[in-house]
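Here's the structure we're looking at; comments come further down.
The values are calculated or read from the model by the stated rules, or taken from the named source; none is laboratory data. Worth saying up front: this structure is predicted, and the values here are computed from it rather than measured. Cβ placement follows ideal geometry from the backbone for every residue including glycine, while neighbour counts extend to all protein chains displayed. Heads up: the accessible areas ignore ligands, DNA and RNA and are worked out on the full protein's heavy atoms, side chains in. Shrake-Rupley method; radii C 1.70, N 1.55, O 1.52, S 1.80 Å.
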Amino acid sequence: MRPAGCKGAARRAPNACRLLGRRAHGFYARDAGVALRKNMGLLRSLVCQESTTFKNVWTTHSASPIAYERGRIYLDNYQCCISSIAQEPRILYQKPKCSKSEKIEDALLLECPLGEMLPNPSDYKSSLIVLTAQNWLLRLSADSGEILEKIYLAGCGCKFRYLSWDTPQEVMVIKSAQNKLPAASRQAGIQQSVLFHLAVFQVLPLSFVGMLEINKKIFGNSVTDVDVSNGILIVMYSMGLVRLYNFQAITEQFMEQPFDLGCEFNWNGQVGVVGKYPFGLPCNIKITDTPPLLFEASSLENAFQIGGYPWHYIITPNKKKHKGVFYICSLKDNALAKNGIQDMKCCSLEPDWIYFHPDMSGRIIHVGPNLIKVLKLKEVESNTDQTEISEDFIIVANREENCVNSSVTVTASGRVVKKRYNLLDDDPEQETFKIVDYEDELDLLSTVAVTQIGADGRAHLDLHCNEQGILLKSIPLLESWDVTYSHEVYFDRDTVLHIEQKPNRRFSCYVYQMVCDTAKEDECSRHEKTERVFCKKGGRIFEYI
């Protein structure tokens, strides 16, 4: 009701919390995000229902590494691309075998941002950004392998080798290998002051931000590695020290001149075109003084993570005796959180590991051989300035009682037998967690547990409720699992993919796809306004709307 004498009142700004609540209850049914969430909810129900199975539909072996990105399997150093979405994986493209000089060192999948106008029609489709051994940066069509853009990086004489995201799908970082002088130069007393080069790009459209050197005259002699993540320049040192700097502030303070790709330039007496051979990219960010330090910490093996809410970081004290002990501290004042020392006291060949949950909930996942703890940060009731670590839920490996590690056993005749050694917590004959991952679209926590008896190892992928940890589905992997090999397992919507690396660089890939039970789900269709899900006999979902 309007106040008396008021002909009209200004319309209030919409309340964000109210809008989000209404969206969650389906008030905006025509919104693309609502349809996607409903479809993913339906798919999650189908994946987890008891009658659904996963069938091994395809297997391949290769003498070169196998990579997987969003429904695409890459073989032969990214020369062959296979779609894993079809009922049987099919080849999307096969390129001729390349020479060693054209070898791809690293790759990133680039996907179209939502709600933005892009200059070229090809920008709206997924593409693969690859880095070659000869310092070329290529943007390839993810569906055909066609070269869409080509940039030459190195006019500085360094070798670029690594691709990573500063901000996912927005800002990309290209890092060189560590610069090392030949043995003859070192013997002659020549010193190398530039350790790394970093080139930074914004993507879609691809634009050059700048290139900088990491010089030990500025950052110190003991620098071992460097990275850029979430706008932070991270510098690591041999003694376990980690230092953080504001990368945006460095760019603004030390950039000598901005450059655009394809433009002519005159730089230090050289005339060329930015991003073209043979000049490549100019090193236009010259750090002449130590930048302001944001934060530093000392941690064993430079292990350092930031996350949670409010912001916290995880380190291991920089002594070998503390390996496997994790400290969770406030980033604001370095105060150790209450119950912030996490130690599983594992006796195992492979150490336990810890990280912030990728679902952006601020929780922490701590994985040991037979136990997974999901921890959460909360305020201490008596002191709101301090945070406390508490268990949200735990997942325990399925180990039989007769496998309990006991140093004394009694035989049937009553004779007492003492063991001379104790079993390790990750003994292969006991079920042990090897991989923990998060499927963001289905909001499921996936775990791979392995038991090996003799030469035959068996693994299963379990799907847990991400909120409560309840086991919803267990998927057996049919191939034998050798715990001495390297393994990767991907759970992506209705597909499970297992990549295995055997000795002598032999690689195998096993693809499983969801199959509806033919007896109960022979011909099933569900209609609900704008979404449709179809399950054909013995087949997979083939349409979402």
Worksheet item: Using unit Cβ charges (K, R positive; D, E negative) and no other charged atoms, how large, in debye to the nearest 20, is the dipole of region 310-398 about its Cα centre?
Response: 420
Discussion item. If you count only protein heavy atoms with a 1.4 Å probe, what accessible area per residue comes out for region 40-79, rounded to a whole Å²?
Written reply: 44
Worksheet, complete the sentence: Under the rule rounded for a/c under 1.5, else prolate if a/b exceeds b/c, else oblate, using alpha carbon gyration tensor axes a ≥ b ≥ c, region 304-353 is classed as prolate
Response to the item:
Per the 1/(1 + (r/R0)^6) rule, R0 = 25 Å and r from the Cβ atoms of Met117 and Leu19, FRET efficiency to 0.05 is 0.55
Discussion item. Let me cross-check Lys376: its accessible surface, 1.4 Å probe, with only protein heavy atoms counted, in Å² to the nearest 10?
Written reply: 80
Discussion item. Between Asn334 and Gln305, what is the label-point separation in nm under the 7 Å Cα-to-beta-carbon projection?
Written reply: 2.2
Worksheet item: Given the protein chains as shown and a 1.4 Å probe, how many square angstrom of Cys98 are accessible, to the nearest 10?
Response: 40
Practice prompt. Go ahead and run the numbers for FRET between Ser222 and Ala86, Cβ-Cβ distance against an R0 of 56 Å, rounding to 0.05.
Written response: 0.65
Practice prompt. Determine the gain in length on full extension of the stretch Phe254-Met239; use 0.36 nm per residue of separation and subtract their C-alpha separation, reporting nm with one decimal.
Written response: 2.6 nm
Item to complete: Take the Cα of Ala455, step 7 Å along the line toward its Cβ, and report every residue of region 475-496 whose backbone nitrogen sits under 19 Å from that point.
Response: 478-486
Response to the item:
Counting only backbone N atoms under 16 Å from a point 7 Å out along Cα-to-Cβ of Asn246, the residues of region 254-289 in range are 254-255
Worksheet item: How far apart, in nm, are the 7 Å Cα→Cβ label points at Ser64 and Asn504?
Response: 2.0
Practice prompt. With r as the distance between the Cβ atoms of Glu429 and Ser144 and R0 = 60 Å, compute the FRET efficiency 1/(1 + (r/R0)^6) and round to 0.05.
Written response: 0.80
Worksheet item: If each of Ile232 and Asp440 carries a label point 7 Å out from its Cα toward its Cβ, how far apart are those two points in nm?
Response: 1.9
Worksheet, complete the sentence: The number of Lys pairs in region 310-398 whose alpha carbons lie under 23 Å apart, excluding pairs fewer than 8 residues apart on one chain, is 17
Fill in: Percent carbon-and-sulfur accessible area, region 310-398, ignoring ligands, DNA and RNA, probe 1.4 Å
50
Practice prompt. Name the shape class, rounded, prolate or oblate, that the alpha-carbon gyration tensor gives for region 310-398, where a ≥ b ≥ c are the square roots of its eigenvalues, rounded holds for a/c under 1.5, and otherwise prolate holds if a/b is larger than b/c and oblate otherwise.
Written response: oblate
Worksheet, complete the sentence: Out of Phe356, Asn339, Thr316 - ranked by how far each Cα lies towards the positive end of the dipole of region 310-398, with unit charges on the beta-carbon of charged residues - the top one is Thr316
Worksheet item: Straight-line reach from Lys103: which aspartates and glutamates have Cα under 18 Å away, leaving out those fewer than 8 places along the same chain?
Response: Asp76, Glu146, Glu149
Item to complete: Multiply the residue separation of Asn268 and Tyr124 by 0.36 nm, subtract the distance between their alpha-carbon atoms, and state the gained length in nm to one decimal.
Response: 48.1 nm
Discussion item. Please report the accessible area of Leu241 (heavy atoms, 1.4 Å probe, ligands and nucleic acids excluded) in Å², nearest 10.
Written reply: 30
Item to complete: Consider a paramagnetic label point 7 Å from the Cα of Leu294 along Cα→Cβ; state which residues of region 309-342 have an amide N under 19 Å from it.
Response: 309-315, 329-335
Fill in: Span from the region 120-138 Cα centroid across to the region 320-337 one, whole angstrom
40
